[in-house]
Each structure stands twice: as C-alpha cells, then as structure tokens.
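Participant: Sharing a structure here in structure tokens format.
Please treat every number below as a calculation from the coordinates, not as lab data. This is a predicted model, so every value here is computed, not measured. A quick note on method: Cβ atoms are made from the backbone with ideal geometry, for glycine too, and the neighbour counts reach across all protein chains shown.
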Amino acid sequence: MPVSSFPSDATLADVGEFPLISALTALFEQGEHVLVGPGDDAAVLRIRNGHVVVSTDLMVEGRHFRRDWVPAEDVGARAAAQNLSDINAMGGTASSVTVGLALPADLPVKWALDFARGFAAECAKVGASVVGGDVTRSETLVIAVTVLGGCTVSPVLRSGATAGDVVALCGRQGWAAGGLAVLGRGFRSPRVLVEAYRRADPPYDAGPVAAKAGATSMIDVSDGLVADAGHVAEDSGVVIDLRTGAFEIPEPLQAVGSALGADPLQFVLGGGDDHPLLATFTRAKDVPAGWTVVGSVLAAGDDGPRVTVDGAAYEGPVGWTHF
Ligand SMILES: Nc1ncnc2c1ncn2[C@@H]1O[C@H](COP(=O)(O)OP(=O)(O)OP(=O)(O)O)[C@@H](O)[C@H]1O
Ligand SMILES: Cc1ncc(C[n+]2csc(CCOP(=O)(O)O)c2C)c(N)n1
Ligand SMILES: [Mg+2]
C-alpha cells in the first residue's frame, strides 16, 4: 500500500520499509547523467572522461542536530549541504548523492518525507541527483550521505598553500555557532542566527570560481575556523595567520555576545556548521569578488605549521572535535 494511503500521522512501523523507500525516492528527480537511478543494486552514472570527486559524512541526532530544535526539512537541507560543501571545497560541483537513513520505528513518516524534501531541494541548488540510499531501523537517528562530483580544472587540495599567499574567506562564519549557543540557552532569537544553525548556506558557486582563479589551497569550515585553517597549515607545512580586524562581526552576533557575556569573535574563530570556504591565493588580486582577505600564509618557524591569530597563539576555542 503506498504511503499516501496512510493517515498523516502514520509512523514508519505502520507503513513498512518498501512503501517508505518508494515514497522517498519519488521525491528525488534524476538528471540526464543518471543511467540507472534508485531501485537497482547500484546506480549507474555517466561521467565525462577524467576523474570523480567523492566524499561522505555522517549526521547523528543529538550530536549534529536535535529534532526539537530543527524542523525535518532543515535537517534534510543541512545533511545535503554539508556534503555538497565538501565537493565545493575541492573546487568542484556535485552531480550525484546517496543517502542512508537509520530511523526509529516510531518516527512519523511525515518527518522522513519532509527530510527528503529538504534534502532534494538542497541538492537541486547545485543540480545534483539523489541516485540511491538505504533505510534501516535504529534507536538513534543517523544520516549517512555520500556525494560524487567533478571539477572542470584541477581539484584544489588542502596541501597547496605557500608562504606569501593571502588567505581569504567566502560565506558567513560564526552565525550557526551563535544560533547553537542561543538554542542551548533555551532561547529562539536572534532568529537569523537560529535559522543559520538550522540551515547552512554554503557559497556553492564560489568553489569552482576560486579553483579557476588559481586558489592554491581550499577547505570548507565545518568544525571551526582556526581548527580547519589548521588542517591547511598542517597539510601545507606553513603558518596561517588570521587577522581579527578583517572580520566584521554582524550585529546579531554582537547582541548574542552581550547577552551571553561572550566575545562574539569566539563564534567566528571557533564556531562550526556554517560551511564557508577558506582558500589561499598567490596574490591579493587573484581573490575573486565576494571573498574577504582575512590573513596571510607565512613560512613555518621553529614551532612548525600552525595557526596564529594577529601573530600570536590563539587560546580560545578553535573548533569542534568528536573525541
Ligand atoms: N572512517 C574513515 N575512513 C576513512 N577515511 C576517513 C574516515 N573518517 C574520515 N576519513 C577521511 O579523513 C579526512 C578528514 O575527515 P573529516 O571528516 O575531518 O573531513 P571533512 O569531512 O572535510 O570534515 P567534516 O566532517 O568536519 O565536515 C577526509 O579525507 C575523510 O575522508
Ligand atoms: C545539537 C548540536 N550540538 C552541537 C553541534 C555542533 N557540531 C556538532 S558536529 C560539528 C562539526 C561538524 O561535524 P562533522 O565533523 O561530524 O562533520 C559541530 C560544529 C550541533 N551542530 N548540534
Ligand atoms: Mg567528515
């Protein structure tokens, strides 16, 4: 029996696995490169000659989101965004996505379908097709996404920064962390920060543009700016110095800082979940429009590769780690 024949408050246990899968996959439109989409043992995709760029990320209820804080459609959008952003950070564009869902049996079917709607809408922003996935039962809601894409020029790695490069940022940073702090204290405003936490807005066009402009290294900021800049510093064997004067602190973050007695710069330097791009360029004039120069790349000294803030070690929170 199709999911549409069940009452609107039906749970997964009511409708069963295969009607759920049919209802979910019906929400995923297929692009022309999809030779075989959802429904067989694997998807079959046409690719240009060359390479495929692939990435995978997990989202776990309670750790990455809370159902009482984030509507299902926004969880879907965020699950897609954090994966699409990894392809963006290589200078590529995603074409195909698979999504594994481990779901509690008492989850309303409506939640799963709203999730899929948000997921599909976010993928549609870059023209990516949801070509498959998996569904299983679990006490804890877990979302596993794999994304495939390609680059029209060489992929931009974390390892290419050299001393003398400028460091630039594209996209909002610190907003989601501000929203998370607000929700964590039981508040619902400033609305714009809560919305930023619920739904990331990665600058999807900026990755390929930066690659074409000759970005020497690039990463998306998912854990925290200082922590993720640290991956570039480490992989490139350089020091990245961030300049706090370069960051304009948006008014709502200033308000949250005052309300919570926190320095709003902490959200910018240590907050995650926004997925802006951080990249290095050989010359300031290579930096594309829409990016802000926020620092410089220096040769590693006796202390080795690391991130400094205004020339000194940074003692505040640098970003999220799981263990
Ligand atoms: N279980 C694993 N097996 C193999 N490789 C892994 C595993 N976990 C992480 N990696 C690899 O290690 C690298 C760093 O992983 P990490 O998850 O920190 O990067 P990311 O996905 O860009 O960041 P984030 O998860 O914060 O968005 C990636 O190349 C990733 O593919
Ligand atoms: C309820 C709740 N508490 C805390 C956070 C913050 N958070 C969790 S994981 C992560 C880094 C990216 O994850 P990963 O490295 O797994 O991709 C961040 C910034 C959140 N989003 N929701
Ligand atoms: Mg990851």
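Participant: Work out how much length Asp302 to Asn49 would gain on full extension: take 0.36 nm times their residue separation and subtract the Cα-Cα distance, in nm to one decimal.
Facilitator: Here the answer is 86.6 nm.
Participant: Would you work out if the chain is rounded, prolate or oblate? Take a ≥ b ≥ c from the square roots of the eigenvalues of the alpha-carbon gyration tensor; rounded if a/c is under 1.5, else prolate when a/b is larger than b/c, oblate otherwise.
Facilitator: Oblate.
Participant: Hey, another quick one. Mean residue ellipticity at 222 nm from the helices of the chain, using -39,500 (n - 2.57) per DSSP H segment of n ≥ 4 over the full residue count, to the nearest 500 deg cm²/dmol?
Facilitator: Result for the chain, helices only: -9000 deg cm²/dmol.
Participant: Another question, if that's okay. Tell me whether region 166-309 comes out rounded, prolate or oblate; compute the Cα gyration tensor, take square roots of the eigenvalues as a ≥ b ≥ c, and use a/c under 1.5 as the rounded threshold.
Facilitator: Cα axes put region 166-309 in the prolate bin.
Participant: Given 0.36 nm per residue, what is the gain on full extension from Ala312 to Ala42 after removing their alpha carbon distance, in nm?
Facilitator: 92.1 nm
Participant: Turning to a different aspect of this structure: Mind checking which lysines have their C-alpha under 26 Å from Lys125, skipping anything on the same chain fewer than 8 residues away?
Facilitator: Qualifying lysines at Cα under 26 Å: Lys110, Lys212.
Participant: Using the charge dipole of region 7-150 (Lys, Arg: +1 at Cβ; Asp, Glu: -1 at Cβ; taken about the Cα centre), state which of Ile143, Gln30, Phe18 has its Cα farthest towards the positive end.
Facilitator: Gln30
Participant: Select from Ala89, Val209, Ala105 the residue farthest towards the positive end of the dipole of the chain; place +1 on Cβ of Lys and Arg, -1 on Cβ of Asp and Glu, and compute about the Cα centre.
Facilitator: Value computed over the given set: Val209.
Participant: Highest mean first, what order results for 148-160, 89-101 on Cβ atoms within 10 Å?
Facilitator: 89-101, 148-160
Participant: Right, another one. Rounded to the nearest 20 debye, what is the charge dipole size of region 180-323 about its Cα centre when +1 sits on each Lys and Arg Cβ and -1 on each Asp and Glu Cβ?
Facilitator: 420 debye
Participant: Show the residues, 5+ positions off or on another chain, whose built amide H is closer than 5 Å to the amide H of Gly31.
Facilitator: Ser129
Participant: Then there's this: From the square roots a ≥ b ≥ c of the eigenvalues of the alpha-carbon gyration tensor of region 1-128, which class results: rounded (a/c under 1.5), prolate (a/b over b/c), or oblate?
Facilitator: oblate
Participant: For the charge dipole of region 169-279, defined by +1 on Lys and Arg C-beta atoms and -1 on Asp and Glu C-beta atoms about the Cα centroid, which residue among Ala229, Ala262, Gly272 has the Cα displaced farthest towards the positive pole?
Facilitator: Of the options given, the answer is Ala262.
Participant: How large is the charge dipole for region 7-150, taken about the Cα centre, if only the Cβ atoms of Lys, Arg (+1) and Asp, Glu (-1) carry charge, to the nearest 20 debye?
Facilitator: Roughly 420 debye, rounded to the nearest 20.
Participant: For region 166-309, what proportion of DSSP beta bridges, expressed in % and rounded to the nearest 5, is antiparallel?
Facilitator: 85 percent
Participant: About its Cα centre, what dipole magnitude does the chain give when the only charges are +1 on Lys and Arg Cβ and -1 on Asp and Glu Cβ, stated in debye to the nearest 20?
Facilitator: My answer is approximately 500 debye.
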